[in-house]
1. Would you be able to say whether some residue in the stretch 77-86 is in contact with a Gly (Cβ under 8 Å, 6 or more places away or on another chain) and either closer than 18 Å to PRO26 by Cα or not polar (S, T, N, Q) (or both)?
2. Looking only at the stretch 1-21, which residues are in contact (Cβ under 8 Å) with a residue 12 or more places away in the chain and surrounded by fewer than 16 Cβ atoms within 10 Å (Cβ to Cβ)?
3. Filter the stretch 132-157 down to the residues that are touching a residue at least 12 places away in the same chain (Cβ under 8 Å), assigned to a helix (DSSP H, G or I) and of a type in the set (Gly, Ala, Ser), then identify the one that is surrounded by the most Cβ atoms within 10 Å (Cβ to Cβ).
4. Residues that are within 27 Å of LEU33 (Cα to Cα), within 18 Å of the chain's Cα centre (by Cα), of a type in the set (Phe, Trp, Tyr) and surrounded by 12 or more Cβ atoms within 10 Å (Cβ to Cβ): does the stretch 86-105 have at least one?
5. Consider ALA116 carefully, then state whether it is loosely packed, with under 13 Cβ neighbours inside 10 Å and more than 18 Å from the chain's Cα centre (by Cα).
6. Can PHE38 be described as more than 22 Å from PRO71 (Cα to Cα), in contact with a Gly (Cβ under 8 Å, 6 or more places away or on another chain) and free of Cβ contacts under 8 Å to residues at least 24 places away in the same chain?
7. Is one or more of the residues making up the stretch 47-61 over 22 Å from ASP119 (Cα atoms), more than 14 Å from the chain's Cα centre (by Cα) and touching a residue at least 60 places away in the same chain (Cβ under 8 Å)?
8. Residue by residue through the stretch 87-126, note down the ones that are in contact with a Leu (Cβ under 9 Å, 6 or more places away or on another chain) and over 24 Å from THR12 (Cβ atoms).
Amino acid sequence: MAIRCYIPTTLTALRSTLIDVRAVAPDAQGRSLRGEEFESAEFDAMCIAAALAASAVFAPAEAETGTEAAPERRVIVAYDAPESSPAAPLTEGFELITLADVDMVRIASFHLDEDAVWDEAVQLAEDTDSSAAEDHLGASDLLWYDSSELEQLLGDQA
């Protein structure tokens, strides 16, 4: 049996090989739930991953030259990790799964911000601060893409 987890990453990272990544999943108790309770735990795990991705892309990062890097577009990857994957508690009800590498065949879907929402968040980060951008992204829904749409998705977002 696999563990559905959610990998916070970026489009740039997705274009290359995803290695040594962390993913958010409901803990064993959450995975034992059924019906709407289970779906709610999975949705919450995806939301936590989305918040982690937003924090990472809008974190104040300056290159050695002292210039700020432009934020990379965030992506949440829904992934079916092997049950033997190492895990550690993250927060109540959720754990952080460690993945040495990501087998693209085990990807269920991708989740991205709408173009307009992403552009607004980037503008907010530039005009105010990263927390305003993260809040803006947190208040919007992510678009769903099937795993078979990866090539098209990466081409569209070039």
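1. No, the stretch 77-86 has no match at all.
2. MET1, ALA2, THR10, THR12, ARG15, THR17, ILE19, ASP20
3. Once the filter is applied, the top-ranked residue is ALA133.
4. The answer is yes, given that some residue of the stretch 86-105 is within 27 Å of LEU33 (Cα to Cα), within 18 Å of the chain's Cα centre (by Cα), of a type in the set (Phe, Trp, Tyr) and surrounded by 12 or more Cβ atoms within 10 Å (Cβ to Cβ).
5. Yes; evaluated as a whole, the condition is true for this residue.
6. It is true that PHE38 is more than 22 Å from PRO71 (Cα to Cα), in contact with a Gly (Cβ under 8 Å, 6 or more places away or on another chain) and free of Cβ contacts under 8 Å to residues at least 24 places away in the same chain.
7. For the stretch 47-61, residues over 22 Å from ASP119 (Cα atoms), more than 14 Å from the chain's Cα centre (by Cα) and touching a residue at least 60 places away in the same chain (Cβ under 8 Å): absent.
8. Selection gives ALA87, ALA88, PRO89, LEU90.
The values are calculated or read from the model by the stated rules, or taken from the named source; none is laboratory data. Remember, predicted model here, so these are calculated numbers, not experimental data. Positions of Cβ are backbone-derived with ideal geometry, glycine not excepted, and every protein chain shown enters the neighbour counts.
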